[in-house]
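Rule-based calculations on the coordinates, nothing more; no lab input. Everything numeric here is computed off the predicted structure, so don't read it as measured data. When we count neighbours, we look across all protein chains shown, and the Cβ atoms used for this are built from the backbone with ideal geometry, even at glycine.
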DNA sequence: GGGCAAAGTGGGACCGCTCCCACATATTTC
DNA sequence: GAAATATGTGGGAGCGGTCCCACTTTGCCC
């Protein structure tokens, strides 16, 4: 970004017509040129392009032809300035910890978001805000009206993005509920229900000494999954206090599993709040000489690809990650259009594989 | 995106001052208001904000104060229109096959790109172009001057994005070389050299009956890795014709391995052109009763996290994926600034683990 | 202390679009 | 057939910045 001061003379000014010797670009046509060629006024041309009323058929057609002959594409910036809507939305992700971003989870959300946005005419601006600096940038981005709305992923407690979200007047959609703040519009997965499914499955297959590897406790999803686990045990009047926290990573899961084994050598079932952690747990169990599922049954969460490739394959809770992204984007589009959608909780389902087979 | 025609009366027009009852937004200040408050002309205010020359210290300060009091943030759209530079770049990914996008590879590139862009003032617009429709969108996006430049990932042969890239006059940086077209600016990894490292390692540890699981043959990276593999064998005057192609996925790798075993039961070493495929190969080998590395040594490519968690852990070729993204963004920024950078080939290195230990 | 360059200032055109409004022309309606 | 309405049309004022340019003020030099 060159200092604007140093701009040369005549900078930014155009020659009257497609100058053959211009540095690059065949000079993209403007609406005025289209209008001129079609023999109508700019107003009519504008209306014709936006197929609005009050344009006679012949003129409409003339404009269409002129536009296609000139290869006219409206200047998005000019339109944005005139209409005060930009045509793009932001997806911001706190990227301080690699856990959230490293795994395929995020890619899937992205695919969902992109798919939903594809149906509208909105572009996706991605912001990975690590550090204070990134947060400030996001704040500026929003305040400089470069965006029509924001999606925020998985806010941790005290996440600075919370502040940013509160400070903007743009529509904000959250992916996952924030732990502390009250969110007006969000899309979440039924974490509690999913975890409950997992624990119930373990109980149904006869396991009674259940432990869990929970996620970081400043994340709503972690808390909810732990809660769901406890829900299921409560029904059977079993205590749900064999808990170790980890950071959703493989290594973290392995370490947590080791701690659990040390504290509760007689455990016979484990629910890990992510597939990565479950995979790590599998390794730790193997290292400790436990057989899965004979000695210890393991259930994961996410149903990532890795779950199909562990040994044994992971029984896990499948959640519609792409759907999450899709719903977020759809909700944001609605908000931008002036609707007032309601929060959405997406369902989960259990996928049974070798690490925790069903009863019998 | 409401039809502009149906816009209500008075739409888009502002009240003179912060109307208390306005629907939302405390009405963001404009440069005129800052100038007024600072008691200077708009020109001076503009110059002061862009800290250009020709502003006296006191006025400069007055403007700064007024701006901060008003919470002024320049309207990016207006600035873009006036300067004819938008302040954002596009990263486009052909997303027809999940292979490219599904694995963590892409997330890492993204992180690198974002990190490099963070240093400039450019935003990142992400486009996952699947289908014809997506390609058309990208084309429009570029022609509508909503972006200052483009990064394109890993173009396949005949990828429609090639056409898009050729049609635009914006700076284009490629991640990975295109197979067919001649690229002017790209960042690539030394695929050939990396593959050669892998094969040399296998040879050095005494393997002589080497096979390879190559990627799709319409991707430069695949061809180059296959070439590198052949390079190493050529030195030893060994034929490099035990080749099976797969699609970079786990399942594909497993199937390819099975085919290789059927065709060449006596093979003692395999180079797979991705860690995912190598993992699949590991499974297939295990299923066939071969021990790794005793009977068959396996080397992967990528050094993704999965490589550390297979059994045995994968010897693999590590490439700077984040660096790739970083260099791409940096190169694009240079181009936008008017420099003419040269293509970059990033180095690779071998990471030795259990699946193919070194000699002795 | 008059002359000249440099620094500082504000007016206003412009970027390319949208949209209001006044006016011209076609279509009803009584 | 005149009046009332509907439909079409183009002029022109924004949107909120940047930047050129003419002009005033200062600083410097001999």
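Taking the empirical scaling 2.2 N^0.38 Å for compact globular proteins as reference, the range B:136-195 has a Cα radius of gyration ratio of 1.18.
In terms of its alpha-carbon gyration tensor, the range B:256-326 comes out prolate; a/c meets the 1.5 threshold, and the first ratio a/b outweighs b/c.
Distances from residue A:264 to itself in the other copies, using label points 7 Å out along the Cα-Cβ axis, amount to 5.0 nm in increasing order. Beyond 17 Å, the tail of the calculated P(r) for the range B:109-160 holds 43 percent of the Cα pairs.
Can you put A:348, A:83, A:249 in order, fewest other beta carbons within 10 Å first? Result, fewest neighbours first: A:83, A:249, A:348. All C-alpha to C-alpha distances of the range A:73-186, sorted into 5 Å bins beginning at zero, yield P(r) values of 2, 11, 22, 23, 21, 12, 5, 3, 1, 0 percent in whole numbers. When the Debye formula is applied to the Cα atoms of the protein assembly as shown, each taken as the same point scatterer, what base-10 log of I(q)/I(0) results at q = 0.06 Å⁻¹? Per q value, in the given order, log10 I(q)/I(0) is -0.43. Counting Cβ atoms of other protein chains within 10 Å of each residue's Cβ and taking the mean over peptide B:131-138 gives 1.
Using the alpha-carbon atoms, what tilt in degrees (0 to 90, nearest 10) does helix B:131-143 show relative to the longest principal axis of chain B? Approximately 40 degrees, to the nearest ten. With the cut-off at under 20 Å, measuring from each backbone N in the range B:282-326 to a point 7 Å along the Cα-to-Cβ line of residue A:294 picks out B:287. Taking every residue in A:105-114 and counting other chain Cβ atoms within 10 Å of its Cβ, the average works out to 4. With N counted as the residues of the range A:126-255, its alpha-carbon radius of gyration over 2.2 N^0.38 Å works out to 1.29. Axis of helix B:220-235 versus longest Cα principal axis of chain B: the two differ by about 30°, to the nearest ten degrees. For residue A:69, the point set 7 Å out from Cα toward Cβ sits 5.6 nm from its twins in the other copies, listed from shortest up. The orientation-averaged projection of the convex hull spanning the C-alpha atoms of the range B:26-74 amounts to 2.9 square nanometres. By other beta-carbon atoms within 10 Å, ranking B:147, B:46, B:274 with the fewest at the front produces B:46, B:147, B:274.
Comparing A:48, A:232, A:195, which has the greatest mean-square fluctuation in the GNM of chain A with Cα pairs linked when under 10 Å apart? The residue that fluctuates most here is A:48.
Each copy carries a label point for residue A:235 at 7 Å from Cα along the beta-carbon vector; from one copy to the others these points are 6.3 nm apart, nearest first. All C-alpha to C-alpha distances of the range B:311-355, sorted into 5 Å bins beginning at zero, yield P(r) values of 5, 19, 19, 15, 12, 9, 8, 6, 4, 2 percent in whole numbers.
Residues considered: A:36, A:126, A:267. Largest GNM mean-square fluctuation over chain A, using C-alpha springs under 10 Å, is found at A:36. The ranking of B:73, B:187 by Cβ neighbour count inside 10 Å, starting from the fewest, reads B:73, B:187.
Rounded if a/c is under 1.5, else prolate if a/b beats b/c, else oblate: with a ≥ b ≥ c from the C-alpha gyration tensor eigenvalues square-rooted, which is the range A:191-320?
On the way: a/c = 1.27, a/b = 1.08, b/c = 1.17.
In terms of gyration-tensor shape, rounded.
Counting Cβ atoms of other protein chains within 10 Å of each Cβ in A:115-128 and taking the mean gives 5. When each of the peptides B:133-146, B:54-67, A:50-63 is scored by how many other beta carbons lie within 10 Å of its residues on average, the order from highest to lowest is B:133-146, B:54-67, A:50-63. Build a GNM of chain A with springs between Cα atoms under 10 Å apart, and of A:164, A:34, A:150 the one that fluctuates most is A:34. Report, in degrees rounded to the nearest 10, the 0 to 90 angle that the Cα long axis of helix A:191-204 makes with the longest principal axis of chain A. Helix A:191-204 sits roughly 30 degrees off the main axis of chain A. Taking the square roots of 5 times each eigenvalue of the Cα gyration tensor of chain B, largest first, gives ellipsoid semi-axes of 54, 21, 18 Å.
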